[in-house]
1. From the residues TRP227, ALA259, GLY245, which one has its Cα farthest along the dipole of the stretch 168-260 in the positive direction, the dipole being from +1 and -1 charges on Cβ of Lys/Arg and Asp/Glu about the Cα centre?
2. For the stretch 226-310, what are the per-bin percents of Cα-Cα distances with bins 5 Å wide, up to the bin holding the maximum?
3. Mind checking which of ALA191, ALA277, ALA121 has the largest fluctuation in a GNM of the chain, springs on alpha carbons under 10 Å?
4. At a 1.4 Å probe radius, carbon and sulfur cover how many percent of the accessible area of the stretch 126-251?
5. Within 10 Å, at most 14 other Cβ atoms, and a DSSP state outside H, G, I, E, B define an exposed site. Report the longest part of the chain free of exposed trypsin sites (Lys or Arg not before Pro).
6. Charges at C-beta only: +1 for Lys and Arg, -1 for Asp and Glu. How large is the resulting dipole of the chain about its Cα centre, in Debye rounded to 20?
7. Accessible area, 1.4 Å probe, largest first: how do GLU114, GLU290, GLU254 sort?
8. Evaluate the relative contact order of the chain (contact order divided by residue number), counting alpha-carbon pairs under 8 angstrom at least 6 apart; express in whole percent.
Amino acid sequence: MATIVHHKDGEPPLTDKVRSTNVMLGIGLKVASVCVFVCMSSLLKASDGIPAGQLVFFRSFFAIFPVIVFIAWQGQLNVAFKTSEPFSHFWRGFVGVSAMSASFYGLTKLPLPEAIAISYATPLLTVLCSAVFLRETVRLYRWTAVFIGLAGVLIILWPRMSFFTGDSEFGGDQAIGALATLCGAGLAAIAMLLVRRLVQTERTPTIVVYFSIASSVIALVSLPFGWVWPTPAQAAFLVMAGIAGGVAQILLTESYRHADMSTIAPFEYTSMLLGLAIGYMMFGDIPSNEMMTGAVIVISAGIFIIYREHQLGLARARARKVSTPQG
């Protein structure tokens, strides 16, 4: 059974079949998906003045089109809309929309590299939520990595949080934005748990299509709470961001066709380098020492968890091989 891998908002790739083992191609596609996801975030951030709920709608609705085209090209469109779990898709969409809304709000208030760094808390919180809600066994090594990683997140957050003590040079909007981004990371972790349950009964294309549809519809609930008419430039940014989100998901899908998760997952952290470059060139963001220190700690903890999962996966595979009768 192939591994299902999820992105920040808990959305799975469009397929769970690995067709080849071209590792370099898999790495290249993974890096390409990361680049497009960062470009998507940059376009959303550049749409200054657009409410978070409206950002979620454009991100979700316009992502549907490249995803549908890709599923049709794969010949899976005839099964993509068949589901036996409509309410599960709704709740998964509701949590996903909440995660994106919080994350996008934080993105509008924080420097781009800082928002990216805080979002790296998602895999750490996923381990925590798996232990609490799914009763999964988490041993000392992974618990240690989780708490070290969360300490790194605290280092990133501290200059913002000290605003509440009156010692910060930053405004209250940035403090709230930092908390919203962290809240978004936690909700994305919960969304991943919901997807884990869905994949037991639903096809992956079905989960992706219904997430895009559900999140678009749910995001419309925010319409009475301050949507604005975008300028032509803002509208172009929003549409391109949605399409970029769909394209990035396709690239992510293809990357996992060609290489194992444990091989290419660490390349997710290349988003920090690109975020630093785009943040500086487009928005004049200069990372603080606390942000860089915390990011290094969080990334190191995340890579260790990936490595540990890889080692445990190898151990389970060896155990199954030994227990399987020969001949």
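The values are calculated or read from the model by the stated rules, or taken from the named source; none is laboratory data. Owing to the predicted nature of the structure, the values given are computational and were not obtained by experimental measurement. Heads up, the Cβs are rebuilt from the backbone with ideal geometry, glycines too, and the neighbour counts pull from every protein chain shown. To get the accessible areas, we keep the full protein, side chains included, count just its heavy atoms, and leave off ligands, DNA and RNA. Shrake-Rupley method; radii C 1.70, N 1.55, O 1.52, S 1.80 Å.
1. Towards the positive end, the residue furthest out is ALA259.
2. Values per bin, smallest distances first: 3, 11, 13, 17, 17, 16, 13, 7, 3, 1.
3. Judging by the Gaussian network model, the answer is ALA277.
4. Its accessible area is 70 percent carbon and sulfur atoms.
5. Maximal segment without exposed cleavage sites: 140-327.
6. Its charge dipole is roughly 1280 debye.
7. Numbers: GLU114 10, GLU290 85, GLU254 40 Å².
I get GLU290, GLU254, GLU114, largest accessible area first.
8. That works out to 41 percent.
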